[in-house]
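Below is one structure, written out as structure tokens; comments come after it.
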Amino acid sequence: MSGAAPRRRKFEAAAREALADSQLRRNLAKATGTIREKRAVATGEMPDWQELREAGRRVKAGVMAHLGEHLERLEAAVQERGGVVHWARDAAEANAIVRDIVAAEGTHEVVKVKSITTDEIGLNEALAAAGITAVETDLAELIVQLAHEPSSHILVPAIHKNRAQIRALFVEGMGLDPSELSDEPRELTAAARRFLRERFFRARVAVSGANFAVAETGSVCVVESEGNGRMCTTLPHTLVTVMGIEKVVPDWQAMEVFLQLLPRSSTAERMNPYTSFWSGVTPGDGPQAFHLVLLDNGRTRVLADEAARQTLHCIRCSACLNVCPVYARVGGHAYGSVYPGPIGAILTPQLQRSREADTLPFASTLCGACYEVCPVKIDIPRVLLHLRGRAVERRRGSPGGWRSAEDAAMRAAAYLLAEPWRYQRAQRLARGGQGLLARRGIISWLPGYLGRWTQTRDLPAVPRRTFREWYQERAKPAAADRGGRS
Ligand code: SF4
């Protein structure tokens, strides 16, 4: 059983396909709308919410400024408590580390608690290639795994599925009798529970992600709502945690801030139903072997870019997805990455560095709603603009890149707008040339490449008289009048 890796396509093409799916848009609108409302209530209860956001921002900025030191402290504390720390430069190294640990345990099945980081590195697929089945135990992750689809939301991976679709997946994927399962949430949950319990009890190895890791004591933290994380982190003999290096926090005081920010901002809860911490191993209690895999996979590159570094502050609450007008219409799959929505639009191009990923910073209206809700105040619009500029520069540097129609249009615009007389002459030329295209002051159709603009919106025609012309006509008699009176 393995989730399909996301296909990498340009956002534009994928979004067009998604927009044609009206069922998807209905599911998304309902789900994001509900989460948005609940979140507003949960955060509105806190009189110091803005101060908490600022505290979260400061802690994260401090971590980034001394990331190396915090990670070394974390490593030492984990080792002191009987854990083993591995450093992985990229996905291939991380996958090989986990695969070897599982193989050494002599098992062919692992249980997993939701870990977007392992999705980022394609761990399930790497384990499957080695004959190891990874069973997702988060209900929504299990749904998308049974559907052989990637997640479409950080927090609610099956946000694009409705109850009837989930029932069909359970019947087929769990080998159930269709007459014995309705699409009632209670029945669906009970079916998943029975399916997962068997796997929890027989698992020798569990793989988890991490929301945070406290450098001070080497404690790793996972927050979740279903208790599956608690099962994974306590029942199996061996626990492997794959964690992005940016998840480290210095001490427990920092946790006080994040454990208030995260639940209210993500699931709109005052606290998470299950908050699990573990520090190394405890003889006779819980996993008897603990491995922490610290993953770079492009993060140090992000850290080196001062203008985009704040991307690493993200605590994966997903609030920015739920307010994004683009995400709410196209869903997560259009982003072609495990990180969808506004955070995906800035994180993915920095981690992946591909032409397809470079289209993601353009998947935004720059409305700023993501910045308004972000619990750690990541200025996503600013980073989007920075990455757009970088993508354009990179395209210019590629063979034939400077000849793209968009680039040519921008260069022409820059040339015309640089001098008033050029702009005025262009206006006069356009007025003469627009001829039959302009109707009642509007151009609704343009030929060729320019038609991409009028496909979705009208273009105002150049008026018979521009403001400048109107002003000059009025200014002349007025000046003559003043001259006459003096
Ligand atoms: S960028 Fe901010 S709002 Fe978006 S997921 Fe990360 S922490 Fe949450």
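Odds and ends about this structure:
- Taking region 358-379 and a reference point 7 angstrom along Cα→Cβ of Asp407, the backbone N atoms nearer than 20 Å belong to 358-363.
- Three-way shape call for region 268-311 based on the alpha-carbon gyration tensor, with the a/c threshold at 1.5: oblate
- The alpha-carbon atoms of region 52-174 define a convex hull whose volume equals 151 cubic angstrom per residue.
- Normalised contact order of the chain, rounded percent, pairs of Cα under 8 Å and 6 or more residues apart: 20
- Charge dipole (debye, nearest 20) of the chain; +1 at Cβ of Lys and Arg, -1 at Cβ of Asp and Glu: 3240
- Applying a 4.7 Å cutoff between beta carbons, the unpaired cysteines of the chain are Cys221, Cys232, Cys314, Cys317, Cys324, Cys367, Cys374.
- Förster radius 35 Å - calculated FRET efficiency between Leu436 and Gln472 (Cβ-Cβ, nearest 0.05): 0.75
- Note on region 136-182: with charges restricted to the Cβ of Lys and Arg (+1) and Asp and Glu (-1), its dipole about the Cα centre is near 200 debye.
- Kirkwood hydrodynamic radius of the chain, from inverse mean 1/r over distinct Cα pairs, in Å: 25.1
- Between the listed residues Gln50, Gly209, Leu146, the Cα displaced farthest toward the positive end of the dipole of the chain, a dipole computed from Cβ unit charges relative to the Cα centre, is found at Gln50.
- Mean ellipticity per residue at 222 nm, deg cm²/dmol - from DSSP H runs of n ≥ 4 across the chain, formula -39500 (n - 2.57): -15500 deg cm²/dmol
- Once C-alpha pairs closer than 8 Å and six or more residues apart are averaged by separation and normalised to the residue number of region 293-429, the relative contact order reads 20 percent.
- A cut-off under 14 angstrom between Cβ atoms defines the neighbours of Phe277, and their net charge, with Lys, Arg +1 and Asp, Glu -1, is -2.
- Among the listed pairs Lys112/Lys161; Lys60/Lys114; Lys60/Lys161; Lys114/Lys377, those beyond 27 Å (Cα-Cα): Lys60/Lys161
- Here's the picture: charge each Lys and Arg Cβ at +1 and each Asp and Glu Cβ at -1 in the chain, and of Tyr274, Leu459, Asn124 the one pushed furthest to the positive end of that dipole is Leu459.
- Dipole-positive endmost among His237, Leu181, Ala254 within region 170-302 (Cβ charges, Cα centre): His237
- Rounded to the nearest 20 debye, the dipole magnitude of region 1-104 is 720 debye, with +1 charges on Lys and Arg beta carbons, -1 on Asp and Glu beta carbons, and the Cα centre as origin.
- Residues of the chain: accessible area per residue with a 1.4 Å probe, Å²: 49
- Local net charge near Pro178, Cβ-Cβ under 15 Å (Lys/Arg +1, Asp/Glu -1): -4
The values are calculated or read from the model by the stated rules, or taken from the named source; none is laboratory data. Values in this document were obtained by computation on a predicted structure and should not be read as measured data. Methodologically, a virtual Cβ is constructed for each residue, glycine included, from the backbone with ideal geometry; neighbour enumeration extends over all protein chains shown. Note: areas computed on protein heavy atoms with side chains; ligands, DNA, RNA excluded. Shrake-Rupley method; radii C 1.70, N 1.55, O 1.52, S 1.80 Å.
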